[in-house]
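Below you'll find the structure, written out as structure tokens, and then a few comments.
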Amino acid sequence: MPDSPALTAHAVSKRFGGLVAVNDISFALAENEVLGLIGPNGSGKTTMMNLISGALRPSAGEIRLYGEDIAGIGASRIARKGVARTFQLVRMLPGLTVLENVTAGGVFGHARRWGQELNDYAHALLQRVGLPNAGDVAMTALTYIDQKRVELARALAGDPKVLLLDEWLAGLNPTELKTGIALIEQLRAEGRTIIIVEHVMHAIRSLCDRCIVMSSGAKIAEGTPRDVLADAEVIRAYLGTADA
Amino acid sequence: MDIIIIGLLLGATYALMAMGLQLQYGVARIMNLANGEMLIAGAFGTFWFYTASNASPFYALIGVIPLAFAVNWAIYRVLIVPLVRRARNQGQLEVDCILATFGLSFILVGILLAVFGGEYLSYSYLARPIFILGEPYGLNRVAAFIGSLVLCLGLYLWLHRTRPGLALRAVSVNPAAAGLVSINVTRASALAFALGGAVTAAGGVLLSMFLTFDASLGVVFTLKALIIVILGGVSDIRGAILAAFILGLAETTVASLVDPGLTLAAAYLLFMAILLVRPEGLLGRRSS
Amino acid sequence: MTSEAQAAAPVPVTKSTGHRLGITGREWRNLAIAAVLFALAAVVPLVGSGYVQSIAISIAIYTALATSWMLFSGPTNYISLATAAFFGSGMYIVAGGLDLAPYPVLVLLAGVAGALFAAVVGLATLRISGVYFVIFSLGLAELVRQIITWLQHVLGTMSGLYVYVDRSEEMFFWQLLALTAVVYLVGWWIGRSRLGFALRIIGNDELVAVHCGINTARAKVILFVISSTFAAIAGALVAPRWSYVEPTIAFSPFLSFQVVIMALLGGVHRLWGPLLGVIPFTLLWELISANFPAQTTLLLGAAFLLIVYFIPNGVVGLIEDALRQRGEWLKSLRLLLVRRSRDA
Ligand SMILES: Nc1ncnc2c1ncn2[C@@H]1O[C@H](COP(=O)(O)OP(=O)(O)OP(=O)(O)O)[C@@H](O)[C@H]1O
Ligand SMILES: [Mg+2]
């Protein structure tokens, strides 16, 4: 692992009233690494993503982006520092065209463009996610999967250094899954650092350098996908105890 | 000292009024900007009843509460339900409700103006002093205080000891989950809205005993009730009661130390303090 | 309007024209059309009777107010009920300051004061969710009224103030028309700027907006300040025409209400939308207040509900629906003809 990590979490916790959704999580993510965040439903994966992107403020702990503490500085500042994300449940801008949904991510964020340059860039991104001719369409006319593609294009419009994908591959059919995985591989090849939350284990295996397994908010395993998925505790967390 | 006592006397009626709004906003999730007009309507009704019959204004409650309940039930059914149906999301519903109830507030003011005219009204009931700790206070204020306490307590017990009350509280915590355990959320919301309106109007009955009012005063009470509810936390009755007394005290303090015409300034000062210091409310849990 | 609730606020799809740095030919054309319309409007008081003049002045006032209201509340869905607070403040600055400073200076001062006032209110309320803002704005006019009444009481001045500035009716109209033109220009500029784009994103989904790197609080406060500054200047321009200013008149909640109703009637997603609400409403209102002077509040409320329930997207929405339907009708007609000719 290179000596300057892109992203580190140190003893990060998040409480909602009595519920500890993220419990004392620490990890370090090297530049250009792909980390998988897996775990059963409700284990706190999305919450962890929300903490990194700044949608939520951690109850405790620190999160550093290239050494700088970003915990609690607000999502807009974190976005401008080069962290972009997609949402588990797509959040589109229904009153805007598809093209504008993409350009929205490229005006105020990490890389900033405007005017014709931005439009061209957004068109190129739409092409990349597989929607070459959708620019002028109303957002609500797209299928859910296509909306997810637009959301990824929006995240990429700011040319982020760190990309957070929350179950972006969920719901794709096998062919789409293949192109999806290839796309994420490309993004990585461009030098981006990526965290993916995913229930599609096949994707985790082929994409991730490393995996963190969460259960009830806590980290229960960390390692290569192969090791982690063979871990007895992980299997128990996913499937419950054998005697049940 | 007398500031504190007057503040407390006032606070009880405010608590009642805020409980009304809380039922509407916390349970039915309707931001009702016509809430204060309902209160003023209760006050006008009482004025009419008292001047016509000369019986105790407390008897007006017998008429006002069911009437306000029915009117608010109808408002919910006729005006709010279509908005709920039409709304594609919570945000649009909120905007629509704000606009609709704002329009409604002008209609109510218009009706009151048409029926009662635009003058300031007041009547004199129990206008005798009563001595508390050696200082004289209006007996009507004390009567309204006791009336408010009784109604607050009744409502509180109803919410916490009966099945319909439980249903309302369940809806206020989580409408989706309440629906899953076979609570009819629409009915519960209508009930909460109607009950909230009735409670608010009852607050108007009690307030009219010691307050001079006119048709345009409603907005001030809407604002006060909203501030109390925000200060107390949207779904927390105890918080609202505490907040009501704080507002009562703050107002009385400003009224007696600075100027009686500045009561709204006191409310706003309190509002600013909440916004800057504790946006989640007095007893509300911080989510972080 | 929490960020959650803002999630997918309904905004009709509008094509932004703002993605180019230079002014396009189309925009030049629109600007030219607007200039011609303004020039035509400027002639109205010269040819019309006194009655026409007074209606033209009302329309100019409400167009300036409703359009500047829409600049902020349109894209964000944050309903401001506080127009009267700023309008009245502008009025009072002129009424109270005429002995101390020349009128044009007071108009400028009114703008500055309105801006500062809006900045304070915006900074306190717009950083958190929209509901707080609505509530805050609801009583703002009443608050300022109480404070001014109290100040006058403390200072021992009369509660009513006479405002004498020598202006002809035509002059009032031209001043207001000029203000309206500035509102439109600023609105047009915002619409094609990054700021305008940011506001549209915020109105659609505030959570997405922050994740796009938008400083949402700043964008909202800037727009609220711009919008309120215009309201304060409008108040300052109108004060001499009323010649007598009193707190209950200057801060009447009626004004805030009328502004919202007219903007909604017209449509709040187009710059020219409010105008389409102001003109019919002002004319209608002339009729109502002449024939039912005692029932104005009731009728205003009823009109408001009718608009909210039956024309939620305003006149602009109706026009756009009609155009769309006509387009579809033409398309099916063409299809039919093609089929006919093929069959033949
Ligand atoms: N804003 C919130 N307020 C209260 N509780 C929350 C909030 N967000 C998440 N939680 C709770 O925190 C826990 C973790 O939720 P989270 O969404 O992070 O799980 P997840 O691992 O992403 O699950 P899934 O695989 O289903 O997406 C859950 O119990 C959830 O109910
Ligand atoms: Mg999740």
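Observations
- Normalised contact order of chain C, rounded percent, pairs of Cα under 8 Å and 6 or more residues apart: 30 percent
- Cα gyration tensor, segment C:179-313 - rounded (a/c under 1.5), prolate or oblate: prolate
- Looking at the protein assembly as shown, the pairs of alpha carbons with a distance over 34 Å make up 58% of the total.
- Distance-filtered residues of segment B:77-112 - backbone nitrogen under 20 Å, label point 7 angstrom along C:THR248 Cα→Cβ: B:106-112
- B:HIS160, A:HIS110, A:HIS10 arranged by Cβ crowding within 10 Å, fewest neighbours leading: B:HIS160, A:HIS10, A:HIS110
- Dipole magnitude of the protein assembly as shown, debye to nearest 20 (Cβ charges: Lys/Arg +1, Asp/Glu -1, about Cα centre): 1540 debye
- Coordinate range along principal axes, alpha carbons of segment A:91-160, Å, largest first: 28, 21, 20
- For chain B, the longest principal axis of the alpha carbon atoms and the long axis of helix B:139-161 meet at an angle near 20°.
- Take each residue in C:301-310, count the other chain C-beta atoms within 10 Å of its C-beta, and the mean is 6.
- Among C:PHE133, C:GLY111, B:ILE4 the positive-end extreme of the charge dipole of the protein assembly as shown (Cβ point charges): C:PHE133
- Label reach from C:VAL120 (point 7 Å along Cα→C-beta): in segment C:195-226, amide nitrogens under 19 Å belong to C:221-226.
- Vicinal HN-Hα couplings computed from phi for segment A:124-138 (Karplus, 6.51 cos²θ - 1.76 cosθ + 1.60; Hz; Gly/Pro x): 4, 5, 4, 4, 5, 7, x, 10, x, 10, 8, x, 8, 6, 6
- Among B:VAL219, B:VAL115, A:VAL83, B:VAL185, the ranking by other beta carbons within 10 Å of each residue's beta carbon, starting with the fewest, stands as B:VAL115, B:VAL185, B:VAL219, A:VAL83.
- Gaussian network model of chain C, Cα within-10 Å springs - most flexible of C:LEU177, C:LEU264, C:LEU287: C:LEU287
- Segment B:92-232 shape via C-alpha gyration tensor axes, a/c threshold 1.5: oblate
- Kirkwood-based Rg to Rh ratio, segment C:128-184, C-alpha trace: 1.17
- Listed cross-link partners A:LYS161/C:LYS220; A:LYS45/B:LYS224; A:LYS45/A:LYS178; A:LYS14/A:LYS148 are compared with a 32 Å cut-off, the Cα-Cα value being larger for A:LYS45/B:LYS224.
- Taking segment A:107-205 and dividing mean pair separation by its residue count, relative contact order in percent (alpha carbons under 8 Å, at least six apart): 28 percent
- The simple Förster model, with R0 at 56 Å and r as the Cβ-Cβ distance, assigns C:ARG334 and B:ARG77 a FRET efficiency of 0.75.
- A P(r) calculated from all alpha carbon pairs of segment C:3-312, with 20 Å bins opening at zero, reads 32, 59, 9 percent.
- For chain A, the share of alpha carbon pairs falling in successive 5 Å distance bins from zero is 1, 6, 14, 18, 19, 17, 12, 7, 4, 1, 0, 0, 0 percent.
- Of the chymotrypsin sites (Phe, Trp or Tyr not before Pro) in segment A:1-81, those whose Cβ has at most 16 other Cβ within 10 Å and which sit in DSSP loop: A:TYR66
- Exposure proxy shown here: for C:ILE319, A:ILE70, the number of other Cβ atoms within 10 Å sets the order, fewest to most, as C:ILE319, A:ILE70.
- Global geometry of chain B, whether rounded, prolate or oblate, following the gyration tensor of its Cα atoms and the 1.5 cut on a/c: prolate
- FRET efficiency, 1/(1 + (r/R0)^6) with R0 25 Å, evaluated for C:PHE310 and C:SER289 via beta carbons: 0.65
- Value of relative contact order over chain B, rounded to a whole percent, pairs C-alpha under 8 Å and six or more apart: 39 percent
- With R₀ fixed at 51 Å, the C-beta to C-beta distance from B:VAL115 to A:PHE16 puts the FRET efficiency at about 0.55.
- Average beta-carbon neighbours from other chains, 10 Å sphere, peptide C:139-152: 4
- Take the Cα radius of gyration of segment A:169-244 and divide it by 2.2 N^0.38 Å, N being the number of residues; the result is 1.22.
Bear in mind these aren't lab numbers, they're just calculated from the coordinates by the rules spelled out. Because the structure is a prediction, the values reported are computed rather than measured. Neighbour counts run over all protein chains shown; Cβ positions are idealised from the backbone, glycine included.
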